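The values are calculated or read from the model by the stated rules, or taken from the named source; none is laboratory data. Bear in mind that the values here come from a model prediction, so they are computed numbers and not experimental data. Cβ placement follows ideal geometry from the backbone for every residue including glycine, while neighbour counts extend to all protein chains displayed.
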Amino acid sequence: MISNAEFRNFGHQFVDWIADYYENIEKYPVKSQVSPGDIFKSLPENPPENSESITEIFKDFQNILIPGVTHWQSPNFFAYFPANSSYPSILAEMLTSSLAAQCMKWETSPAAAELEEKVMNWLKQMLGLPENLFGVIQDTASTATLCAILTAREKFSDFKINESGFDKYENFRIYCSKEAHSSIEKAAKIAGFGSKNLVKIEVDGQCRLIPEILDQTIRDDLKNGLKPICIVAALGSTGTTAIDPLPEIAKICKTYNTWLHIDAAMAGSALILPEYRWMINGIEQADSFVFNPHKWLFTNFDCSAYFVKDKNALIKTFQVIPEYLKTKSDDHVNNYCDWGVPLGRRFRALKLWFVIRNFGIQGLQEKLRTHILLANELAKEIENEKDFELLEPVTINLVCFRYKPKNLNDENALNILNEELLHKINSTGKIYITHTKIHGKYSLRMVIAQTYVQQKHVKNAWELIKDIAVKSEV
């Protein structure tokens with residue numbers, strides 16, 4: 001155990017290390033260069049019998065663990081999706097950890113509950129969401145989607161499944177596009193529907209759900225005695241940031257009286273830009289909506305903003321109040337433990353509050369517009385390069401492309417070539433990108449959304465990709 005004085009001393013050391021880390025983060029290999037098992041073998045087989053000093057532990061953190069870390073906060077990180085942090089968010093996380101409050105109910109931390117309500121109202125204003133939505137912070141979009149599907153399940157079974165199980169309710173169906181996030185299938189499994197009752201709808205040339213096929217599929221299911229209860233629209237699919245046609249999907253939901261859930265995990269942050277509000281035309285029909293400030297709004301993981309129209313249905317789905325949790329304030333406050341899966345809750349609203357206040361709406365908008373501009377500039381560079389091909393138009397901040405030498409037209413060979421190129425690029429440690437497949441074509445993905453990314457980072461990345469591609473062909 002360390003004393004208060006020692007804590008103060010180590011605290012200063014750690015903050016200095018964090019500041020140095022961010023100052024020098026570009027010097028680290030972006031993607032960890034260790035092999036499977038390296039870190040595990042470097043750690044002792046048995047836990048220590050006696051106390052070890054923070055100095056020794058911290059030394060091992062730097063020497064053993066840091067080499068096995070992939071640096072998501074590097075401006076040379078272009079992989080998967082952003083999982084952004086920022087200085088105000090880090091400072092707030094320090095306070096959150098120090099308070100160590102269990103924020104399950106209003107009584108257990110009134111400030112946490114009321115700040116959460118306020119910042120969710122702020123987000124609703126910032127994104128242009130309907131006034132009749134109620135917000136709660138979940139840990140991830142996966143959990144939020146599970147909440148949506150479970151609430152739809154209970155609402156359409158008159159809350160009988162929670163009470164008696166699936167007897168007489170085995171015909172429920174859920175729909176999403178083939179490009180929708182894997183968390184939807186996982187939620188369908190957890191919620192008891194089974195994968196076979198999640199229907200994945202074909203997409204068009206831009207990887208968007210095709211409404212006509214959705215409508216016909218629902219008609220066919222109804223004829224076969226199946227009941228559509230939920231449609232999940234992707235507002236920015238993971239692979240390509242495809243935007244499903246929300247107005248048409250909303251109309252279908254209204255026609256068949258189904259729950260409409262909108263998954264806007266990363267792309268939802270762009271709604272703070274008025275010029276991107278077109279993405280939510282038709283949102284008035286939505287029953288629930290989720291996006292992740294921990295992706296592209298510079299707030300440490302985990303912080304997922306979930307909005308629901310019928311908060312009473314949400315609460316009725318999850319609320320369980322044993323005697324020891326009953327309080328005199330229950331009828332007058334938001335007890336957010338009743339708004340989702342876990343009872344225990346972190347004080348997540350604090351870091352979001354710090355970020356919104358410190359950046360301001362204009363500061364957040366400026367960051368996002370810079371990222372979008374950099375993505376579009378890169379797309380133009382790719383289009384002008386004769387041996388590269390842009391595979392999808394840039395919707396927001398993601399660029400999907402491949403290396404396509406003019407003398408190579410075999411699709412299988414091109415897929416192999418681009419996969420090999422990806423591994424060579426990442427093995428340099430200078431940048432980190434990932435891939436997807438678009439209509440069978442192996443695509444390199446560059447997400448330009450890291451908090452501190454600048455034009456020079458994108459330019460250097462593009463030069464590196466071209467250089468390695470030419471050498472690969474040789």
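Some notes on this structure:
- Of the residues making up segment 26-54, those that are touching a residue at least 12 places away in the same chain (Cβ under 8 Å) and either more than 31 Å from the chain's Cα centre (by Cα) or part of a loop (DSSP other than H, G, I, E, B) (or both) are Tyr28, Pro29, Val30, Lys31, Ser32, Gln33, Val34, Ser42, Leu43, Ser51, Ile54.
- Which listed residue is loosely packed, with under 15 Cβ neighbours inside 10 Å and among the hydroxyl-bearing types (Ser, Thr, Tyr), from Ser86, Ser98: Ser98
- Within segment 107-202, helices (runs of 4 or more DSSP H) holding 3 or more residues that are under 21 Å from the mean Cα position of the chain (by Cα) and polar (S, T, N, Q): 141-156
- Glu131 vs. criteria free of Cβ contacts under 8 Å to residues at least 12 places away in the same chain, of a type in the set (Asp, Glu) and surrounded by fewer than 19 Cβ atoms within 10 Å (Cβ to Cβ): yes
- Residues of segment 189-231 satisfying the condition of being among the charged types (D, E, K, R) and free of Cβ contacts under 8 Å to residues at least 24 places away in the same chain: Lys189, Lys196, Asp204, Glu212, Arg219, Asp220, Lys223
- Checked across segment 179-192, the condition of being modelled with pLDDT of 95 or more, closer than 19 Å to Lys309 by Cβ, surrounded by 22 or more Cβ atoms within 10 Å (Cβ to Cβ) and of a type outside the set (D, E, K, R) holds for no residue.
- Checked across segment 212-225, the condition of being outside any helix (DSSP H, G or I) and of a type in the set (A, V, I, L, M, F, W, C) holds for no residue.
- The residue list Thr255, Thr238 contains one member that is under 16 Å from the mean Cα position of the chain (by Cα) and surrounded by fewer than 23 Cβ atoms within 10 Å (Cβ to Cβ), which is Thr238.
- Index of the failed condition, Gly268 passing every other in (1) of a type in the set (Gly, Ala, Ser); (2) free of Cβ contacts under 8 Å to residues at least 40 places away in the same chain; (3) touching a Gly at 6+ places or on another chain (Cβ under 9 Å): (2)
- Count - residues of segment 215-251 that are within 23 Å of Glu170 (Cβ to Cβ) and in contact with a Pro (Cβ under 8 Å, 6 or more places away or on another chain): 3
- Any hit, segment 49-70, residues being modelled with pLDDT under 95, touching a Lys or Arg at 6+ places or on another chain (Cβ under 6 Å) and more than 28 Å from Ala180 (Cβ to Cβ): no
- Residue in segment 307-314 that is under 22 Å from the mean Cα position of the chain (by Cα) and assigned to a helix (DSSP H, G or I) present: yes
- Residue identified as surrounded by 18 or more Cβ atoms within 10 Å (Cβ to Cβ), over 20 Å from Ala144 (Cβ atoms) and not assigned by TED's automatic domain parsing to the domain that holds Lys441 among Cys176, Cys207: Cys207
- Within segment 305-320, the set of residues being in contact with a strand residue (DSSP E or B) (Cβ under 7 Å, 6 or more places away or on another chain) and either buried (at least 24 other Cβ atoms within 10 Å of the Cβ) or among the aromatic types (Phe, Trp, Tyr) (or both) comprises Ala305, Tyr306, Phe307, Val308, Leu314.
- Residue check for Thr217: among the hydroxyl-bearing types (Ser, Thr, Tyr), touching a strand residue (DSSP E or B) at 6+ places or on another chain (Cβ under 8 Å), modelled with pLDDT of 95 or more and in the same structural domain as Cys253 (by TED's automatic domain parsing): yes
Residue-by-condition table, conditions (1) within 17 Å of Ala234 (Cα to Cα); (2) of a type in the set (Asp, Glu); (3) in contact with a Leu (Cβ under 6 Å, 6 or more places away or on another chain):
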| residue | (1), (2), (3) |
| --- | --- |
| Gly165 | no, no, no |
| Glu170 | no, yes, no |
| Arg173 | no, no, yes |
| Cys176 | yes, no, no |
| Ala180 | yes, no, no |
| Gly192 | no, no, no |
| Ser195 | no, no, no |
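- Residues in segment 155-173 that are surrounded by fewer than 21 Cβ atoms within 10 Å (Cβ to Cβ) and either basic (Lys, Arg) or in contact (Cβ under 8 Å) with a residue 40 or more places away in the chain (or both): Lys155, Phe156, Phe159, Lys160, Asn162, Lys168, Asn171.
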